[in-house]
Amino acid sequence: MRRRAFLGLAAAGSLAGCGYRSVDAEYEQPAGAVPKQYAGRTRVVFWSSYGGANGKAVDKLVAKFNESQQDVYVEAQFQGSYDDVAQKVAASLIARQAPDIAVLSDVTWERFYLNDALEPLNGYFTDGFGPAVYQQKLFGEYVVKGQSWCVPFARSTPILYFNRDAFAKAGLPDRAPRTWSELRSWGPSLARVQSGGRSLRSLALAKVDGDWQFQGNVWQFGGAYSNGLDVTIDQDGAVAAGEWQRRMVHDDGFAYMANSAMTDFANGLVAMVQDSTGGLKSAMSKAKFKVGAGFVPSEVAAGIATGGGGIGMLRNASAERKQAAAAFLAFLARPENSAWWTTQTGYLPVVDKAREDPALKKLIADEPNYGVAIAQLTNARKQDAIRLFGRNSNVAIYTGLQQIYADNASPRKVFGAVARRLEAIGDEVRRQYEEKVL
Amino acid sequence: MTALDLPVRTHPDERRQVASGNQEQRRRRRREYRLFALLVAPNLLVIAVFAYWPILYNAFLSLTDWNMIAARPTFVGLTNYANILTDPAFHKTLWITLVFTGLIVAGSLVIGLALALLFNQPLKGRGVVRTISFAPHILSGAAVATIWLFIFDPGYGLLRALIEPFGAEPPDWMNNSDWALPGLVIVYLWKNVGFTALIYLAGLQGLPKELDEAAAIDGAGTWTRFRRIKLPLLAPITFFLLITTVIGTFQAFDVIAVMTGGGPGDATTTLSWSIYNEGFQAFNAGRAATLSIIMFVILLIVTAVQARVMERRVHYK
């Protein structure tokens, strides 16, 4: 009897205790190999979420760093999308075999911060690496309670991409529309342009993750997702933004929901998309027409959401590896490297001095599209707290948008339901949020 | 059990005791048992580690609130069950899962059997057609989904090219709540029927010819012979396909993930997609585990009921 009770307790104990993270333990790294010429260096594992052309640029930066010094070898491992990286980092912590640094998105780093998985970075800052170096807004978004929990890397805002050739055919000015009302008024002219056997539509709306762009749209129409964690998506401004899009899709037929808005745009199927500045370079190389870029339109107000990836350091890495990883982050913060990353991708230069880099300056002079996001940065704002800190808020919002786009559902009704969902999500994190963020 | 047939080496002295030897019998049984344990141990271990342990652990997680990053889960008792079972969104998910499963199971069996009957005819080129119809089954779900996204695409899809000459406008399959689920059903059927057809074909070819011939001589028509002889004789095959298709469809994930992501809205959110969404998008391990347990129980009940019903109806000989 007693023995059985003891065994039961032991089983329960191992069930509850083993397999979970211990906040201050030192974990192993994921497997990999250090090439011969870098033998004897401290190995740093960096999980990245950039593939394609952007991934090649990451690899080049890493290679340049490895060449630039004698002590550290950084191994970049591509792990898929922002969501994939977040899932894998969480799993790696449970498995006690974690990367040292990882790319975390605008909506995933917070959950690692709230649960004590990130290393505070202030202790690693030096003259060339720290608050004085980075673009203030982008740097400040990762500062909580006086400590930095990530540093900006591939930061972006949405910009408005437009098909200059189609605009010319439609007799429209060679610029992005200034307001959403103006964009709508251009719909009939664009509809007279033929593309792929049908009349050209004005705007493609993203099926997945469109809630990021819509965050800005809500501000532009005078609303907000939330005030702190208090949800306001069911109130007038947000509903007006939703109603504008609903009307564009269902009443006017000028807009539609796209599986991949950017692919449709690059193939000339739609005249405009609002998408990340990080896709600028690949859009310009894929499109067979002249790509224009401009500010995202305003309506009653200007305002766009920052987004994209920063790099966080995992608290469970060894002290030596953390120090080595910091050296790599400092390398990325050098103006020439930040500028080079921008020229290769279109992401914002996260370091102020990068804007004075001759190569970037020349690129902007030759191709003004690269300057749009930088100029638009004055309108950029940190997103509403419910999207940043509420786990799965983004999915709740974009599935609501899908109902508007696909089913002509009333925005007020949809956002009412989304608000109830967001309130439940907010309640899950409220205690942690009030303790660790406010 | 072959172990029973193995010669047992015994000492000659002991052999004399066998007649009276209760002890000997026990020892022999013990030895056989040990051999049995030795033989099943590797499999049992693998199943225990990769199937039973995760199920138990999952059951434990369903009683907790855990975001997978926090150092420890918080024990919350049956809260997750109470919340989920009373959630209207869950009821809708369950309904969608049932419709989705029902359509695919019925479609796979009916079309599969029809194809099998066709392939069983001595037609020219049937080998090639058999291969073609089976091929989708071995393609990976993600590849199938990508192909069908292209076929369904309203802007430049294959279906559009086929329909447009007749002046019709195809629906925007995956971006319309009314069409997305039927679209997924079509894709899964396309992927599945080759397999059910193959199994049915094997069954048809294994049927005893005498019964069919006897019935034909007695004047039974093709339809009567199919209904009264072939179909009942195929019952064990139907039973096998029914269970495997129900389970497979309940767990379908890959095509949904690539083609709809559970959307638009929640139009294609099945139980397995909502488990993924709760677990890996929301990092809600407790809710995801609870949904998994619910799915496990549903499948257990469905299988038990099917087995019970079929026990009475299926004739294995």
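Does B:ALA145 meet the test of being closer than 27 Å to B:PHE239 by Cβ and in contact with a helix residue (DSSP H, G or I) (Cβ under 9 Å, 6 or more places away or on another chain)?
No, not satisfied.
Does region A:307-324 contain any residue that is under 13 Å from A:PHE162 (Cα atoms) and small (Gly, Ala, Ser)?
No, region A:307-324 contains no residue that is under 13 Å from A:PHE162 (Cα atoms) and small (Gly, Ala, Ser).
Filter region A:75-93 for residues that are in contact with a Phe, Trp or Tyr (Cβ under 7 Å, 6 or more places away or on another chain) and facing chain B (nearest Cβ under 9 Å) and give the result.
Those that are in contact with a Phe, Trp or Tyr (Cβ under 7 Å, 6 or more places away or on another chain) and facing chain B (nearest Cβ under 9 Å): A:GLN87, A:VAL89, A:ALA90.
The conditions are (1) within 14 Å of another protein chain (Cβ to nearest Cβ); (2) of a type outside the set (Phe, Trp, Tyr); (3) closer than 30 Å to A:VAL151 by Cβ; (4) part of a strand (DSSP E or B), and A:ALA271 fails exactly one of them. Which is it?
(3)
Regarding region A:69-78, can at least one residue be identified that is outside the structural domain of A:ASN394 (by TED's automatic domain parsing) and under 22 Å from A:ARG381 (Cβ atoms)?
No, because not a single residue in region A:69-78 is outside the structural domain of A:ASN394 (by TED's automatic domain parsing) and under 22 Å from A:ARG381 (Cβ atoms).
Mind checking which residues of region B:275-317 are within 19 Å of the chain's Cα centre (by Cα) and within 11 Å of another protein chain (Cβ to nearest Cβ)?
Within region B:275-317, just B:TYR276 meets the criteria.
In this structure, does B:GLY261 turn out to be touching a helix residue (DSSP H, G or I) at 6+ places or on another chain (Cβ under 6 Å) and within 14 Å of chain A (Cβ to nearest Cβ)?
For B:GLY261, the condition - touching a helix residue (DSSP H, G or I) at 6+ places or on another chain (Cβ under 6 Å) and within 14 Å of chain A (Cβ to nearest Cβ) - is not met.
Check whether at least one residue in region A:243-254 is closer than 24 Å to B:TRP173 by Cα and under 24 Å from the mean Cα position of the chain (by Cα), and report yes or no.
Yes; the residues of region A:243-254 include at least one that is closer than 24 Å to B:TRP173 by Cα and under 24 Å from the mean Cα position of the chain (by Cα).
Pairs please, first residue from region B:234-252 and in contact (Cβ under 8 Å) with a residue 12 or more places away in the chain, second anywhere and among the basic types (Lys, Arg) and assigned to a helix (DSSP H, G or I), Cβ atoms under 9 Å, 6+ apart in sequence or on different chains.
B:ALA235/B:ARG313; B:PHE239/B:ARG313
Mind telling me which of the residues A:TYR27, A:TYR50 ends up being under 30 Å from A:SER393 (Cβ atoms), among the hydroxyl-bearing types (Ser, Thr, Tyr) and out of contact with any helix residue (DSSP H, G or I) (no Cβ under 7 Å at 6 or more places or on another chain)?
Just a single option satisfies the conditions, and that option is A:TYR27.
Residue check: is A:LEU121 buried (at least 22 other Cβ atoms within 10 Å of the Cβ) and more than 19 Å from A:GLN383 (Cα to Cα)?
So A:LEU121 passes the test.
Can we say A:PRO177 is farther than 16 Å from A:TYR256 by Cβ and in contact (Cβ under 8 Å) with a residue 60 or more places away in the chain?
Yes: the conditions hold for A:PRO177.
For region A:401-413: of the residues being assigned to a helix (DSSP H, G or I), in contact (Cβ under 8 Å) with a residue 24 or more places away in the chain and within 12 Å of chain B (Cβ to nearest Cβ), which is surrounded by the most Cβ atoms within 10 Å (Cβ to Cβ)?
Top of the filtered list is A:LEU401.
Could you check how many residues of region B:215-231 are exposed (fewer than 13 other Cβ atoms within 10 Å of the Cβ) and not in a loop (DSSP other than H, G, I, E, B)?
5
With the requirement that a residue be part of a helix (DSSP H, G or I) and at the interface with chain A (Cβ under 8 Å from one of its Cβ atoms), what does region B:165-177 give you?
Across region B:165-177, the qualifying residues are B:MET174, B:ASN175, B:SER177.
Please state which of the following conditions B:ILE256 fails to meet, knowing it meets all the rest: (1) in a loop (DSSP other than H, G, I, E, B); (2) crowded, with 16+ Cβ neighbours inside 10 Å.
(1)
Residue by residue, here is whether (1) within 13 Å of chain A (Cβ to nearest Cβ); (2) surrounded by 17 or more Cβ atoms within 10 Å (Cβ to Cβ); (3) modelled with pLDDT under 85; (4) more than 23 Å from B:ASP254 (Cβ to Cβ) holds:
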residue: B:GLY107; (1), (2), (3), (4): no, yes, no, no
residue: B:GLY112; (1), (2), (3), (4): no, yes, no, no
residue: B:GLY127; (1), (2), (3), (4): no, no, yes, yes
residue: B:TYR156; (1), (2), (3), (4): yes, no, yes, yes
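Look at region B:129-141 and say how many of its residues are surrounded by fewer than 13 Cβ atoms within 10 Å (Cβ to Cβ) and either without any contact (Cβ under 8 Å) to a residue 24 or more places away in the chain or in a helix (DSSP H, G or I) (or both).
Matching residues across region B:129-141 total 4.
Within region B:199-214, track down each residue that is surrounded by fewer than 16 Cβ atoms within 10 Å (Cβ to Cβ) and assigned to a helix (DSSP H, G or I).
If the condition is that a residue be surrounded by fewer than 16 Cβ atoms within 10 Å (Cβ to Cβ) and assigned to a helix (DSSP H, G or I), then B:ALA202, B:GLN205, B:LYS209, B:GLU210, B:LEU211, B:GLU213, B:ALA214 are the ones that fit.
How many residues are of a type in the set (Val, Ile, Thr), within 14 Å of chain B (Cβ to nearest Cβ) and either in a helix (DSSP H, G or I) or more than 21 Å from the chain's Cα centre (by Cα) (or both) when one looks only at region A:107-139?
Final tally of qualifying residues: 0.
Test A:PHE153 against the stated conditions and say whether it is of a type in the set (Phe, Trp, Tyr), surrounded by 23 or more Cβ atoms within 10 Å (Cβ to Cβ) and farther than 30 Å from A:MET313 by Cα.
no
Regarding region A:249-271, can at least one residue be identified that is surrounded by 18 or more Cβ atoms within 10 Å (Cβ to Cβ), within 18 Å of A:TRP219 (Cβ to Cβ) and in the same structural domain as A:TRP180 (by TED's automatic domain parsing)?
No: region A:249-271 contains no residue that is surrounded by 18 or more Cβ atoms within 10 Å (Cβ to Cβ), within 18 Å of A:TRP219 (Cβ to Cβ) and in the same structural domain as A:TRP180 (by TED's automatic domain parsing).
Within 14 Å of chain B (Cβ to nearest Cβ) and aliphatic (A, V, I, L, M), is that true of A:ALA385?
No, not satisfied.
Can you tell me which residue in region A:285-296 is surrounded by the most Cβ atoms within 10 Å (Cβ to Cβ), limited to those that are under 11 Å from A:PHE265 (Cβ atoms) and of a type in the set (A, V, I, L, M, F, W, C)?
Once the filter is applied, the top-ranked residue is A:VAL291.
Return the pairs, sorted by first residue and then second, in which the second residue is at pLDDT 95 or above and not in a loop (DSSP other than H, G, I, E, B), the first residue lies in region A:231-260 and is acidic (Asp, Glu), the beta carbons are less than 6 Å apart, and the residues are 6+ apart or on different chains.
Pairs found: A:ASP234/A:PHE415; A:ASP234/A:GLY416; A:ASP234/A:ALA419; A:GLU243/A:PRO411; A:ASP252/A:GLY187.
Output the residue which, of all residues in region A:414-425 that are under 30 Å from A:LEU138 (Cβ atoms) and at pLDDT 95 or above, is nearest to the other protein chains (Cβ to nearest Cβ).
Ranking the candidates gives A:VAL418 first.
The values are calculated or read from the model by the stated rules, or taken from the named source; none is laboratory data. Every value quoted in this text rests on a predicted model; they were computed, and no experiment measured them. No Cβ is skipped: glycine too gets one built from the backbone with ideal geometry, and neighbour counts run over all protein chains shown.
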